[in-house]
Ligand SMILES: [Zn+2]
């Protein structure tokens, strides 16, 4: 049953997020689920965000990779940048765990790390701002994030504890 499907967005304390892959929300859509992942590349407000040009290039290259991956392409709903420039949203059909999509995201960023160009879709016909790209910087960011995914990445938000709730600690979900 789609009973627990409309899980509200987590009340995430952005001062406690590090790089990793997190479930941002799960929605019921037409009898199935759509899971939104927070593919977080940077520690918010503590390190420089990704440059807009590099974000745009990461968007193009990784989206193209995801939509062509033999294993996952039919489950990819959306890949797009966060406005805060610290990561991307990945929406996938079904209800996989962050660790289920980690190998896919790692493959995508390793592909970008090794990408020699041209950036797919970076033409006036295919893109709304085709000169806003930076492949060298995108490759640098991809190499860095791929290393994080292989080492220190987190996969679960630290729960926000609300003091003073009757019956003990309350955890947002
Ligand atoms: Zn574009």
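Are any of the residues in the stretch 43-54 touching a residue at least 60 places away in the same chain (Cβ under 8 Å) and in a strand (DSSP E or B)?
No, there is no match, as no residue in the stretch 43-54 is touching a residue at least 60 places away in the same chain (Cβ under 8 Å) and in a strand (DSSP E or B).
Run down 70, 103, 136, 124 and say which single residue is within 19 Å of residue 153 (Cβ to Cβ), at pLDDT 95 or above and surrounded by fewer than 16 Cβ atoms within 10 Å (Cβ to Cβ).
103
Kindly provide the set of residues from the stretch 88-97 that are out of contact with any helix residue (DSSP H, G or I) (no Cβ under 9 Å at 6 or more places or on another chain) and either buried (at least 20 other Cβ atoms within 10 Å of the Cβ) or closer than 16 Å to residue 74 by Cβ (or both), ordered by number.
Within the stretch 88-97, 91, 95 meet the criteria.
Among the residues of the stretch 113-134, is there at least one that is within 16 Å of the ligand (Cβ to nearest atom) and not in a loop (DSSP other than H, G, I, E, B)?
no
Sort through 160, 165 and tell me the only one that's modelled with pLDDT under 95, surrounded by 12 or more Cβ atoms within 10 Å (Cβ to Cβ) and away from the ligand (no atom under 16 Å from the Cβ). Give the steps one after another, and end with the answer.
Values: 165 fails: surrounded by 12 or more Cβ atoms within 10 Å (Cβ to Cβ).
Only one candidate passes the filter, namely 160.
Please find, among 65, 109, the residue that is more than 16 Å from the ligand (Cβ to nearest atom), surrounded by 14 or more Cβ atoms within 10 Å (Cβ to Cβ) and within 30 Å of residue 29 (Cα to Cα). Let's see the steps before the verdict.
Numbers: 65 fails: more than 16 Å from the ligand (Cβ to nearest atom).
Just a single option satisfies the conditions, and that option is 109.
One residue is enough: does the stretch 16-31 have a residue meeting the conditions closer than 17 Å to residue 154 by Cβ, surrounded by fewer than 18 Cβ atoms within 10 Å (Cβ to Cβ) and more than 16 Å from the ligand (Cβ to nearest atom)?
Taking every residue of the stretch 16-31 in turn, at least one turns out to be closer than 17 Å to residue 154 by Cβ, surrounded by fewer than 18 Cβ atoms within 10 Å (Cβ to Cβ) and more than 16 Å from the ligand (Cβ to nearest atom).
Do we find that residue 103 is more than 16 Å from the ligand (Cβ to nearest atom) and not in a loop (DSSP other than H, G, I, E, B) in this structure?
For residue 103, the condition - more than 16 Å from the ligand (Cβ to nearest atom) and not in a loop (DSSP other than H, G, I, E, B) - is met.
Go over the candidates 8, 54, 49 one by one and state the one that is at pLDDT 95 or above and either surrounded by fewer than 19 Cβ atoms within 10 Å (Cβ to Cβ) or touching a strand residue (DSSP E or B) at 6+ places or on another chain (Cβ under 7 Å) (or both).
Step by step, each of 8, 54, 49 is checked, and only 49 is at pLDDT 95 or above and either surrounded by fewer than 19 Cβ atoms within 10 Å (Cβ to Cβ) or touching a strand residue (DSSP E or B) at 6+ places or on another chain (Cβ under 7 Å) (or both).
The values are calculated or read from the model by the stated rules, or taken from the named source; none is laboratory data. All figures in this text were calculated on a predicted structure; none of them were measured in a lab. Here Cβ is always computed from backbone atoms with ideal geometry, including for glycine, and neighbour counts include all displayed protein chains.
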